[in-house]
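Below is one structure, written out as structure tokens; comments come after it.
Every number in this text was worked out from the coordinates using simple rules, so none of it is lab data. Note that the structure is predicted; figures quoted are calculated from it, not measured. Positions of Cβ are backbone-derived with ideal geometry, glycine not excepted, and every protein chain shown enters the neighbour counts.
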Amino acid sequence: MIESKEIPLLIKPVYREAEFCKPKKVLSKKFAEKIAREMNSKWAEITSKQVKAIIACFEGVRIDKNFNKEEQISRIVDENDGAIIVDNPTIQFELNSYTFKIRTTIAICYEGTSTKIWTRVLLDEEIANYDNIESLQDIYQKIGEECCKINKDYFSKIIIEAQEKSPEDLGKFIIMTFGVEDEKLGQYLELFDDPNLKLRDLFSTNKGAKKLFQNYYKTLFNKNDILQETDDDFWMTTAPSIVTKDGYLESNNVLFKIKVEDDGLFALGLGYDDSNDGVLAKLSSLDIAKLYAKKI
């Protein structure tokens, strides 16, 4: 566990899950746009199914239908880089005194790469007690699986009707990211502004850094093997720009352990969050999602 007189706050941890699938025949942009319009036209039906799935998974859920209206819209975005994006409205619910926000997105790709069916789950409060981290991750995982499956079923049905074949499953991509209000962690992460710094070098020269990172990855991710580095198990950093509580624009480093396994890709992120609105985990996980989504 984290050894500290005061447990550092976890700032709005974010979970992203994607199902990657690829139609047997490459989609044209025109057909991708058609799929996007059809998926978008069914947003109310899709959202209703997702809400019912959430209620079925968890006892005591309270769905909030009166939050920010700007988040309760469905939209289509042409990114002009081989994908048409469909964003479904945000679902907000309360469970165990926490507020969760869920948004599902489908990136319909038309230049030979896979279609990505995303679910993002964001906790809207800070966490001061680490005892329920495993339970929180279970909640995230259940939501991600249920919501991705519902969107994927709709997409697959359209593809089957058009191509008479199901799209090929290419696996999952799961990203779990914690922003932590821990200045010591931030000081160590600042060292990665030097692009030549390797984590193993930091661990070998700074026992305090090694212990802190090991404790966090054990506590938050139940990982004891973080020192391992192979082609399928390695480290990388992102540096999203945030506005600090003091009003300064800064780029905070976030460290990710990337694990490639048979059933998918996993990214476990940790950063020091002193942003004014607790967005570090959200922004850094999006950076990782975009980076890898373009390659698959």
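Which order do the peptides 119-128, 287-296 come out in when sorted by mean C-beta neighbours inside 10 angstrom, highest first? Mind showing how you got there, number by number?
Values: 119-128: 19.0, 287-296: 15.5.
Descending packing order for the listed peptides: 119-128, 287-296.
Starting from the Kirkwood Rh over alpha-carbon pairs, what translational D in µm² s⁻¹ does the chain have by Stokes-Einstein at 37 °C and 0.692 mPa s? For these conditions, the coefficient is 163 µm²/s.
Build a GNM of the chain with springs between Cα atoms under 10 Å apart, and of GLN50, GLN163, GLN137 the one that fluctuates most is GLN163. Taking amide H positions as modeled 1.01 Å from N, with prolines and chain starts lacking one, the residues under 5 Å from GLN72 and 5 or more places away or on another chain are THR90. Please tell me the relative contact order of segment 139-296 in percent, rounded to the nearest whole number, where contacts are Cα pairs under 8 Å and at least six residues apart. 27 percent.
For the pair THR230 and ALA44, a Förster radius of 30 Å applied to the C-beta separation gives a FRET efficiency near 0.05, rounded to the nearest 0.05.
You can think of it this way: the chain between LEU249 and GLU134 has 38.1 nm of extra reach, that is 0.36 nm per residue less the Cα-Cα gap. Each peptide in 99-105, 199-205 receives the mean, over its residues, of other Cβ atoms within 10 Å, and ordering these scores from highest gives 99-105, 199-205. Couplings 3J(HN,Hα) of segment 267-276, computed from phi: 10, 10, x, 9, x, 8, 10, 10, 6, 5 Hz, in residue order, whole Hz [Karplus 6.51 cos²θ - 1.76 cosθ + 1.60, θ = phi - 60°; x for Gly and Pro]. Excluding same-chain residues fewer than 8 positions from LYS29, which lysines have a Cα within less than 27 Å of its Cα? The qualifying lysines are LYS42, LYS116, LYS149, LYS152, LYS157, LYS165, LYS172, LYS290, LYS294, LYS295. Taking amide H atoms as placed 1.01 Å from N in the peptide plane, the amide H of LEU27 lies under 5 Å from those of GLY112, each 5 or more residues away in sequence or on another chain.
Using θ = phi - 60° in the Karplus curve 6.51 cos²θ - 1.76 cosθ + 1.60, the 3J(HN,Hα) couplings for segment 110-123 round to 10, 10, x, 7, 7, 7, 10, 10, 9, 10, 10, 10, 10, 8 Hz; x is entered for Gly and Pro.
For GLU126, what charge total do you get from the other residues with a beta carbon under 10 Å from its beta carbon, if Lys and Arg give +1 and Asp and Glu give -1? Counting the neighbours of GLU126, the net charge comes to -3. As a length-normalised measure over Cα pairs under 8 Å and 6 or more apart, the relative contact order of the chain settles at 24 percent.
With Rg and the Kirkwood Rh both taken from Cα atoms, where does Rg over Rh land for segment 183-296? Intermediate values should be presented prior to the final figure.
Values: Rg = 14.2 Å, Rh = 14.9 Å.
Ratio of gyration radius to Kirkwood radius: 0.96.
For the pair LYS184 and LEU291, what calculated FRET efficiency results from E = 1/(1 + (r/R0)^6), where r is the Cβ-Cβ distance and R0 = 25 Å, to the nearest 0.05? Efficiency computed from Cβ-Cβ geometry: 0.35. Couplings 3J(HN,Hα) for segment 86-101, derived from phi with the Karplus relation 6.51 cos²θ - 1.76 cosθ + 1.60 (θ = phi - 60°), are 10, 9, 8, x, 6, 9, 10, 8, 10, 8, 6, 6, 10, 10, 10, 10 Hz, where x marks Gly and Pro. Of the residues GLY179, GLY208, GLY269, the one that moves most in a GNM of the chain with alpha-carbon contacts below 10 Å is GLY208. Length gained on full extension, ASP64 to GLU111: 13.1 nm, using 0.36 nm per residue less the C-alpha separation. Toward the positive end of the charge dipole of the chain, with +1 on the Cβ of Lys and Arg and -1 on the Cβ of Asp and Glu, the farthest Cα among ILE159, ASN129, SER114 is that of ILE159.
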